[in-house]
Amino acid sequence: MTMWGHFVKTILTVLLAAATISAAHAQSLPGGFVFLREIDPSIIQDIRYATSNNFVGRPLAGYNAGECVVKREVGLRLKAVQEELAAQNLSLKMFDCYRPARASLDMVKWSQNGHETAAERRYNPKIPKTELFRLGYIASRSQHSTGAALDLTLVDLKADNAAKYDPAKTYADCTAPVEARAPEGSVDMGTGYDCTDAKGHTAAPAITSEQRIWRKRLVAAMTRQGFVNYSKEWWHFSLPGAGGAAYDFPIQPRRN
């Protein structure tokens with residue numbers, strides 16, 4: 001084979017490898033879904049169900065990576081929200097995005113396991129976990145599984161957000177003052193994330209004026225991009241019309 005032939009063969013091999021990698025990456029998510037990091041890497045992510053720092057106390061089924069996955073339209077609108085917030089030295093922080101259907105079933109099994117730990121009670125200080133589904137705090141079929149629902153908060157980029165969750169430490173429940181409950185590296189919304197309590201309702205009266213301002217600020221920014229808040233959870237938003245069928249593919253690490 002001539003030198004030119006070797007050169008052409010090498011180029012074709014490289015191109016084929018690149019195409020294979022690209023195709024594998026493209027096939028890693030069903031049509032219409034994207035990694036939020038690929039649309040806006042500046043949005044902070046703390047996907048709690050991929051960790052033990054959540055109300056179940058362990059990673060949920062299907063969360064094999066702490067990545068926010070959403071429908072593309074949802075991601076583009078989040079990017080627009082983030083651009084507005086950046087001018088105010090604020091950022092979105094994602095707690096949950098697409099949720100595999102198997103994770104919701106995992107929550108159902110957890111609610112029926114017959115016991116509650118002290119760590120679990122931090123999230124449910126007044127409501128038995130067997131009642132969480134009946135009262136609408138958790139759904140066995142979640143809109144999260146369509147890729148159109150999100151759990152999120154705001155981060156003040158000028159503040160000290162260095163405090164981290166310590167699994168060995170005992171924290172007060174999610175309705176306690178911010179300095180006593182588990183740190184989340186975000187603004188004080190009046191309760192922690194996933195707090196199943198009336199105080200976690202978006203329009204709850206039992207919060208301070210400053211906490212109410214933060215909630216209204218988050219809702220306003222999301223509303224301007226078409227998102228709708230769930231009244232029982234200040235952190236939960238969805239984009240009408242962007243959902244569709246529920247999915248159950250696991251969340252895998254994003255390929256670079």
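With the cut-off at 27 Å, tell me which of the pairs LYS79/LYS158; LYS129/LYS199; LYS79/LYS129 have Cα atoms farther apart than that. Display every interim value, and only then the final one.
Numbers: LYS79/LYS158 20 Å; LYS129/LYS199 17 Å; LYS79/LYS129 35 Å.
With Cα atoms farther than 27 Å apart: LYS79/LYS129.
How far is it, in nm, from the label point at ARG37 to the one at THR51 when both lie 7 Å from their Cα along the line to the Cβ?
Placing both labels 7 Å beyond Cα along the Cβ direction yields 1.5 nm.
So what's the gap between the Cα centers of region 179-256 and region 77-122, to the nearest angstrom?
Result: 8 Å between the Cα centres.
Tell me which trypsin sites (Lys or Arg not before Pro) from region 158-213 have a DSSP coil assignment and no more than 14 other beta carbons within 10 Å of their own.
LYS158, LYS164, LYS169
On full extension of the chain, what length is gained from GLN88 through TYR171, given 0.36 nm per residue of separation minus the C-alpha to C-alpha distance?
Gain on stretching GLN88 to TYR171: 26.8 nm.
When N is the residue count of region 32-238, what does its C-alpha Rg come to as a fraction of 2.2 N^0.38 Å?
0.96
Compute the length gained on full extension between GLU210 and ALA65: take 0.36 nm times their separation in residues and subtract their Cα-Cα distance, giving the result in nm to one decimal.
48.8 nm
Counting pairs of alpha carbon atoms under 8 Å apart in space and at least six apart in sequence, what relative contact order in percent does region 32-238 give?
Here the relative contact order equals 20 percent.
Amide H to amide H under 5 Å from ASP248: which residues, 5+ apart in sequence or cross-chain, H placed 1.01 Å off N in plane?
Under 5 Å from the amide H of ASP248 lie the amide H atoms of ALA101, each far enough along the sequence or on another chain.
Can you give the FRET efficiency to the nearest 0.05 for ARG102 and LYS79, using r as the Cβ-Cβ distance and R₀ = 25 Å?
0.30
How far is it, in nm, from the label point at ALA159 to the one at SER28 when both lie 7 Å from their Cα along the line to the Cβ?
Taking the two extended label points, one gets 3.2 nm.
Starting from 0.36 nm per residue, how many nanometres of slack lie between ASN113 and LEU135 once their C-alpha separation is accounted for?
So the chain would gain 6.1 nm between ASN113 and LEU135.
Just to confirm a number: summing +1 for Lys and Arg and -1 for Asp and Glu over residues other than ARG141 whose beta-carbon lies under 14 angstrom from that of ARG141, what do you get? Spell out each step's value before the answer.
Working: positive: ARG99, ARG102; negative: ASP106, ASP248.
After counting each charged neighbour, the total is 0.
Sorting HIS236, HIS201, HIS144 on the 10 Å Cβ count, fewest up front, what's the list?
If I rank by nearby Cβ atoms, fewest first, I get HIS201, HIS236, HIS144.
Take ALA245 and ALA220, extend 7 Å from each Cα along the Cα→Cβ direction, and tell me the distance between the two endpoints in nm.
Each label point lies 7 Å from its Cα, and together they span 4.1 nm.
We did not get these values from a lab; they are worked out from the coordinates using the rules stated. Bear in mind that the values here come from a model prediction, so they are computed numbers and not experimental data. Every residue, glycine among them, receives a Cβ derived from its backbone with ideal geometry; neighbour counts consider all protein chains shown.
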